[in-house]
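The values are calculated or read from the model by the stated rules, or taken from the named source; none is laboratory data. These numbers come from a predicted model, not from an experiment. Positions of Cβ are backbone-derived with ideal geometry, glycine not excepted, and every protein chain shown enters the neighbour counts. Accessible surface areas use protein heavy atoms only, side chains included; no ligands, DNA or RNA. Shrake-Rupley method; radii C 1.70, N 1.55, O 1.52, S 1.80 Å.
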Amino acid sequence: MDSNVLIQAHRGHYGFAICPGFWDWILHYQPHGRVISLDVVRDEINDGSKPDDLLTDWANNKAPKVFWAPSKTAPIIAEYQKIIEWVQKGPRGYTADALKVFAAKADGWVLAYAKVNGCVVATHETEEPKINGRVKIPCAGRAFGITCVNPFDMLKAFPVKFDWKPPA
């Protein structure tokens, strides 16, 4: 899962108070290796959150440590370097700012991990082929044969159903 899946879920449609089932779903499927994220995604959550933020607490205290797969293994680093090279030299002509932001974020690491491990990437980002001011995960993913889906399609693939029950 890309950072934005967890951050937007927390801040919006799957907030802990209104849809705890989303977070329970992650915890249920994570031991089976079907739902993971990366250590660099956790780092982004920690960098962008307030100390009392529920997502920060979840990331550091409730999500199992193995949910945050390591990103800096030799095969992933090698693939990450290929992705960075494509972003820098590829046909898209990304701006210098786009390159700098992409290199500073978890996105390239998420793609490299997915490529090495045969994973599908869940992200809210959409492919925008004519935009060169920001490297979008689906654009880079397509260049490397990595499938990217939105979080709603990810949930449908399991399938997940969050049932509402009236208060007792």
Determine one quarter of the surface area of the Cα convex hull of the chain, which equals its mean projected area, and express it in nm² to one decimal. 10.6
Using only DSSP helix segments of four residues or longer, with each worth -39500 (n - 2.57), what per-residue ellipticity at 222 nm results for the chain after dividing by its residue count and rounding to 500? -14000 deg cm²/dmol
Hey, if we sort LYS130, LYS65 by accessible area with the 1.4 Å probe, largest down, what's the order? LYS130, LYS65
With a cut-off of 8 Å between alpha carbons and a minimum separation of six or more residues, what is the relative contact order of the chain in percent? 23
With all protein chains present and a 1.4 Å probe, the order of ILE146, ILE36 from largest accessible area down is ILE36, ILE146
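State which helices in the chain qualify, where a helix is a whole DSSP H run, it must extend 27 Å or more along its own axis by its Cα atoms, and its mean Kyte-Doolittle hydropathy must be at least 1.0.
Helices meeting the criterion: none.
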In bins 10 Å wide, starting from 0, what share of all Cα pairs of the stretch 1-94 does each bin hold, as a percent? 15, 41, 27, 16, 1
Quick one: of LYS65/LYS136; LYS82/LYS115; LYS100/LYS136; LYS65/LYS165, which pairs are farther than 20 Å apart, Cα to Cα? LYS65/LYS136; LYS65/LYS165
What trypsin sites (Lys or Arg not before Pro) does the stretch 66-123 have in DSSP loop regions with at most 16 other beta carbons within 10 Å? LYS72
Summed over the other residues with a beta carbon less than 14 angstrom from that of ARG42, with K and R at +1 and D and E at -1, the charge totals -3
When the Cα centres of the stretch 1-36 and the stretch 79-153 are compared, how far apart do they sit, in Å? 22
